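The values are calculated or read from the model by the stated rules, or taken from the named source; none is laboratory data. What you see is a predicted model; the values in this text were computed from it and never measured. Heads up: the accessible areas ignore ligands, DNA and RNA and are worked out on the full protein's heavy atoms, side chains in. Shrake-Rupley method; radii C 1.70, N 1.55, O 1.52, S 1.80 Å.
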Amino acid sequence: MADLVYIEDGFWTRFAPVTDAGDRAWSAMAAAYGNGCVAVPPHHVQSVMQQLRDAGYTVEKANPAPLDEIFAEMDTW
């Protein structure tokens, strides 16, 4: 299991924690970016991923959720 997963939308790469260790890394990244979220511009992505891996974290691309799962979750709000 990865510590963090990432999602690319063409403009930004967003990171999300999966494990407790990933949560600590994500919190540090959010504080460093100063925006309360972790959205990395394209020209920084490779550097950020390498720094995470060098620090011992595992990073993987997020699997997209099927639409039926998304709609089912929306029904519970």
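I'd like the residue in region 1-53 that is open to solvent by 60 Å² or more (accessible area, probe 1.4 Å) and acidic (Asp, Glu) and, out of all such residues, is modelled with the lowest pLDDT. For region 1-53, the residue satisfying everything is Asp9. Identify all residues within region 1-23 that are of a type outside the set (Ser, Thr, Tyr) and outside any strand (DSSP E or B); write none if there are none. Met1, Ala2, Asp3, Asp9, Gly10, Phe11, Trp12, Val18, Asp20, Ala21, Gly22, Asp23 - these are the residues of region 1-23 that are of a type outside the set (Ser, Thr, Tyr) and outside any strand (DSSP E or B).
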